[in-house]
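These notes are about the structure you will find just below.
The values are calculated or read from the model by the stated rules, or taken from the named source; none is laboratory data. Here the structure is a predicted model, which is why all the values come from computation and not from measurement. All Cβ positions, glycine included, derive from the backbone under ideal geometry; neighbour counts span all protein chains shown. Just the protein is used for accessible areas: all its heavy atoms, side chains included, with ligands, DNA and RNA removed. Shrake-Rupley method; radii C 1.70, N 1.55, O 1.52, S 1.80 Å.
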Amino acid sequence: MGRYNTYNLNLLARMKKLLLTSFILLGLQLSAQIETGTVGAGLSLGSPSGFSFKTFNSETEAYQFTLGYNMSESNLSYNLGADLLRHNYNYVSAAKARIGLYYGLGVHLSVEEETTLLARLPLGLTYEFKDFPADIFVEAAPGIAVWPSPAPSLTFGIGARYYFDPSSFL
């Protein structure tokens, strides 16, 4: 029985490494498709809390990446995610900002005692300043855990990002 448990633990560790490697490769592939321009980097508070990165590949389409954690009374989990977002700026207008409603599709990996793969549908509102390269956002994302077993999920966050041109650092 002990040998069976050790085998399962080794298998789980290898699967975690494989999933993490897959996410990193997916992120590199997506970043290679991004047009030159600005990248937003900032913080998000919620579930998960952590770092938020966003870059637009067209006027209304963006990639969003998160690296964060969730903390409950007794557990700490880490989260790595990638979302494809579509923005619509036609519903709300403001004099000093662009206000966009967005929706999308994403995949998140949560690592706690076991690794969970989530499919999610992010829905949010972003306030993009016209005279300053930053945005403020609020987001909720219903979803479903697809691995290791199906379960409903809900993530949410509020945050801000500062946009910069990464080529200016080269």
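Here are a few things to note about the model shown:
- Conditions (1) under 18 Å from Thr60 (Cα atoms); (2) open to solvent by less than 50 Å² (accessible area, probe 1.4 Å); (3) over 17 Å from the mean Cα position of the chain (by Cα): number failed by Pro133: (2)
- Residue within region 115-130 that is touching a residue at least 60 places away in the same chain (Cβ under 8 Å) and out of contact with any Ser or Thr (no Cβ under 7 Å at 6 or more places or on another chain) present: yes
- Subset of region 149-170 [hydrophobic (A, V, I, L, M, F, W, C), closer than 15 Å to Ala41 by Cβ and open to solvent by 80 Å² or more (accessible area, probe 1.4 Å)]: Phe169
- Test for Val146: is it touching a strand residue (DSSP E or B) at 6+ places or on another chain (Cβ under 8 Å), touching a residue at least 24 places away in the same chain (Cβ under 8 Å), in a strand (DSSP E or B) and open to solvent by 60 Å² or more (accessible area, probe 1.4 Å): yes
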